[in-house]
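One structure is given below, encoded as structure tokens.
The values are calculated or read from the model by the stated rules, or taken from the named source; none is laboratory data. This structure is a prediction, so every number in the text was calculated from the model and none was measured. Cβ: placed from backbone, ideal geometry, glycine included. Neighbour counts: every protein chain shown.
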Amino acid sequence: MSGPLAELRGDCRAIWSDADVRRAAFEELVHAAAMGGDRLARALARIDGAVVEGLERLALPRGPIRGVVQTNNPNVLGRKDPSCTFEINSIYIARFLRGPRGTDSILRTWVHESLHGRRPYAEGHLAEYRRAPGYEEGLAEGLAQIVARRYGGLDPPSGAYDYYAAVYRSLASSMDIEIEQLLRALWRSPTGRVRHALPLVMDNLRRTGGYPPMTGAQLRMLQARADTMFDQSRGLLVPNELTMEMVWKTVLR
């Protein structure tokens, strides 16, 4: 581990840094899910506590939630729902544990879902998500990858939202902006307002980097291109970041 995560201590540090401890914690969660009650509550709280403390040290705190619960929803591995309940599906966790680097994937997903919960969802958030889910999913996935790999020393395999995370990486690269700087700036906006924030954030970061302010036409072109890149139809595509970067440069330079 590196940076602020290296300052973790005790069980939280062990869950982040020790693959065997991490596996044992997730296996206990799978077993506890069949029992329910206090055993399940303790298993959930142990892992969630490590994630929450890690994110707090990284200045990416999760907002208040109603609680962490086990879900049997077959479409959900993890989810922070609009009512502020954090859901985890132990059946999917059991499946991930059988795969390569499974514990890294689960922890990365737990971080991803926690990043969605940074603030209460904005009013009308579903309108943005249905139109272009990549704004929010790419933000959460991009930051989760940074947390897992850059600070946690983990090596999770590719996730479901890699394409959208690559869109953000190529956008940052096109303007010589550090990707973590871009994503942290967007993270300050609640779910449902990331699309609105992107042009303003990019304009501010460009100015900081010595580029001239964006014109109204550039801002409109950026929004239109981003709407296309983050559209729901693109989620399963294989990203080509070099091509993406060239596209962004035609808009931004």
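Some points to look at:
- Scanning the range 66-103 for residues that are among the β-branched types (Val, Ile, Thr) and more than 17 Å from residue 36 (Cβ to Cβ) turns up 76, 103.
- Scanning the range 1-18 for residues that are outside any helix (DSSP H, G or I) and in contact (Cβ under 8 Å) with a residue 12 or more places away in the chain yields 1, 2, 8.
- The sole residue among 189, 233 that is in the same structural domain as residue 151 (by TED's automatic domain parsing), over 22 Å from residue 118 (Cβ atoms) and out of contact with any Cys (no Cβ under 7 Å at 6 or more places or on another chain) is 233.
- Taken over the range 152-164, the criterion of being part of a loop (DSSP other than H, G, I, E, B) and either under 18 Å from residue 225 (Cβ atoms) or of a type outside the set (A, V, I, L, M) (or both) is satisfied by 152, 153, 155, 156, 157, 158, 159, 161.
- Residue 228 closer than 21 Å to residue 141 by Cα, out of contact with any His (no Cβ under 6 Å at 6 or more places or on another chain) and surrounded by fewer than 15 Cβ atoms within 10 Å (Cβ to Cβ): yes
- Given (1) closer than 23 Å to residue 163 by Cβ; (2) part of a loop (DSSP other than H, G, I, E, B); (3) of a type outside the set (A, V, I, L, M), number of the condition residue 63 does not satisfy: (1)
- Search result, residues across the range 117-149 that are of a type in the set (Lys, Arg) and buried (at least 16 other Cβ atoms within 10 Å of the Cβ): 118, 119
- On inspection, residue 34 passes the criterion of being farther than 28 Å from residue 153 by Cβ, more than 16 Å from the chain's Cα centre (by Cα) and either among the hydroxyl-bearing types (Ser, Thr, Tyr) or part of a helix (DSSP H, G or I) (or both).
- Identification of helices (runs of 4 or more DSSP H) wholly contained in the range 167-229 with 3 or more residues that are of a type in the set (Lys, Arg) yields 194-208.
- Single residue of 154, 171 found to be closer than 30 Å to residue 13 by Cβ and surrounded by 19 or more Cβ atoms within 10 Å (Cβ to Cβ): 154
- Only one entry in 52, 21 is part of a helix (DSSP H, G or I), in contact (Cβ under 8 Å) with a residue 40 or more places away in the chain and not assigned by TED's automatic domain parsing to the domain that holds residue 141, namely 52.
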